[in-house]
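Here's the structure we're looking at; comments come further down.
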Amino acid sequence: MTDAPQSTSMAGNQPMGDDRSDTYEKVFISRLMMTDFRSYRESRLELAGSHPMVVLTGDNGAGKTNVLEAVSYAAPGRGLRGASLADVGRAGGGPWSVAMHLDLKDGELSEQVKVGTGQDPARAANDTGAEQTKTIQRRIVRIDGEQASNTSALGDRWSISWLTPQMDRLFIEGPSSRRRFLDRLVLGLFPDHSRQVSAFERTMRDRNRLLSDQGTSADGAWLTALEARMAEHAVAVAVARLEFAGQIAGQIEATPEGSFPKALLALDGWIEARLGEGEQPVDTETAYRDLLARERQQDARAGRTLAGVHKTDFIVTHAGKNMRADLCSTGEQKALLIGLILANARLQIALKGQAPLMLMDEVAAHLDTHRRAALFDELASLGSQCWLTGTDRSLFKALIGKAEFFEVADGVIQPCAV
């Protein structure tokens, strides 16, 4: 039997960044281009950058979220929808691509970085059959014209944070949603985290396949090698999660009470619990490797690996009420979620000296007037660009004169007067 996971409560670690006051780097997009991306055959959006807030309004289905998703591909991973790369392209179109100019501003200093990402058009055109299938699932990235070795390079210079309506059910769905949310936040501080998670999952699939095909008669040396790699990547993943969770807990503690409730955080996982109790990572790696070896027969019967960082849960508690988030009201859950996103942004300012670019999809419609105004103020105070979407332009009237407004309709994005 696998030992039952235990919760590791996160004590706050005071963020270790310098007190930079307002002297930190901000991230803006001045140009966005989409080709055969979702509903856009070809679209180019120019932004003045005169305000940190960008508001996109239009009917449901007009393509507002598609714009935010395009921007999210300037970050490592699979974008804010988590979609397969093959599903991102426009129906009937060619290989999709997204390009943008990112302006990094720090006081009087400014640097522009050109970013492009999408499917490889040369390979997609020449490959057939299985090779073409592999090609359309491979994402290429170019930064200032140079091809990057992987998407992690997108997290080295800036980060992007987002909140979507699908995340409203985060606290009442299964652990996998919260785990993905946590890992996305961790990426803001540790760009290599997605590579470690992917490497663990890939190696775990190889072990699962071997056990499924051959059971305990499988080559023991090969299983041992796979389990050693799994343990190495699993501990790296858990260490990053714990470090991030401790840092953001400290950021939350240091933040004055406001319109969004504070959260208490805990990680519920076998590996995280051992590390949280002070065990050295090398010893945890050995313990997990030994556990995998002992449980080969059980995992073979189950058809999956039963213990590891792929089972960890991210537990959030409403601090003021001492109530788990899944037991809170819908409005309280939304407020907790927003509070975590804002705390993560402030943490990145403290530790990295840079505010993340923010993407907030349909967030204003579910907040009362007081919290909506508080959210707009918080987002503006971060300094980096923030993109907001909504169907009702009146929800954003407090931002008139403080934001760039665009109307989205029938795959066309136009500046609009307000």
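Computed quantities for the displayed model
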{"quantity": "Whichever residue in the stretch 101-137 is touching a helix residue (DSSP H, G or I) at 6+ places or on another chain (Cβ under 6 Å) and open to solvent by 70 Å² or more (accessible area, probe 1.4 Å) and, among such residues, is modelled with the highest pLDDT", "calculated": "Gln137"}
{"quantity": "Test for Ser176: is it of a type outside the set (Asp, Glu) and without any contact (Cβ under 8 Å) to a residue 24 or more places away in the chain", "calculated": "yes"}
{"quantity": "Tally of residues being modelled with pLDDT of 95 or more and in a helix (DSSP H, G or I) across the stretch 318-331", "calculated": "3"}
{"quantity": "Contacts under 9 angstrom Cβ, first residue in the stretch 189-212 being among the aromatic types (Phe, Trp, Tyr), partner not in a helix (DSSP H, G or I), 6 or more apart", "calculated": "Phe200/Gly308"}
{"quantity": "Conditions (1) at pLDDT 95 or above; (2) closer than 29 Å to Gln166 by Cα; (3) not aliphatic (A, V, I, L, M); number of the one not met by Asp299", "calculated": "(2)"}
{"quantity": "Residue list for the stretch 205-238, filter: within 16 Å of Leu306 (Cβ to Cβ), among the hydrophobic types (A, V, I, L, M, F, W, C) and open to solvent by 20 Å² or more (accessible area, probe 1.4 Å)", "calculated": "Leu210"}
{"quantity": "From the options Arg178, Arg202, residue that is within 29 Å of Ala225 (Cβ to Cβ) and either modelled with pLDDT of 95 or more or of a type in the set (S, T, N, Q) (or both)", "calculated": "Arg202"}
{"quantity": "Odd one out for Pro256 among (1) assigned to a loop (DSSP other than H, G, I, E, B); (2) touching a residue at least 60 places away in the same chain (Cβ under 8 Å)", "calculated": "(2)"}
{"quantity": "Every residue from the stretch 138-196 that is open to solvent by 20 Å² or more (accessible area, probe 1.4 Å), over 18 Å from Arg81 (Cα atoms) and either in contact with a His (Cβ under 9 Å, 6 or more places away or on another chain) or part of a helix (DSSP H, G or I) (or both)", "calculated": "Ala153, Arg195, Gln196"}
{"quantity": "Candidates Ile315, Ile349 - the one that is open to solvent by 10 Å² or more (accessible area, probe 1.4 Å), closer than 30 Å to Gln385 by Cα and part of a helix (DSSP H, G or I)", "calculated": "Ile349"}
{"quantity": "Residues (surrounded by fewer than 22 Cβ atoms within 10 Å (Cβ to Cβ) and over 17 Å from Cys416 (Cβ atoms)) located in the stretch 45-64", "calculated": "Gly49, Asn60, Gly61"}
{"quantity": "Meets criteria (within 17 Å of the chain's Cα centre (by Cα) and of a type in the set (Phe, Trp, Tyr)) for Phe190", "calculated": "yes"}
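Yes or no, residue by residue, for (1) touching a helix residue (DSSP H, G or I) at 6+ places or on another chain (Cβ under 7 Å); (2) touching a residue at least 40 places away in the same chain (Cβ under 8 Å):
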| residue | (1), (2) |
| --- | --- |
| Thr312 | yes, yes |
| Thr317 | yes, yes |
| Leu327 | no, no |
| Leu337 | yes, yes |
| Thr369 | no, no |
| Phe376 | yes, yes |
| Ser381 | no, no |
| Thr391 | no, yes |
| Glu407 | no, yes |
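The values are calculated or read from the model by the stated rules, or taken from the named source; none is laboratory data. Every value quoted in this text rests on a predicted model; they were computed, and no experiment measured them. Virtual Cβ from ideal backbone geometry, glycine too; neighbours counted across all protein chains shown. Heads up: the accessible areas ignore ligands, DNA and RNA and are worked out on the full protein's heavy atoms, side chains in. Shrake-Rupley method; radii C 1.70, N 1.55, O 1.52, S 1.80 Å.
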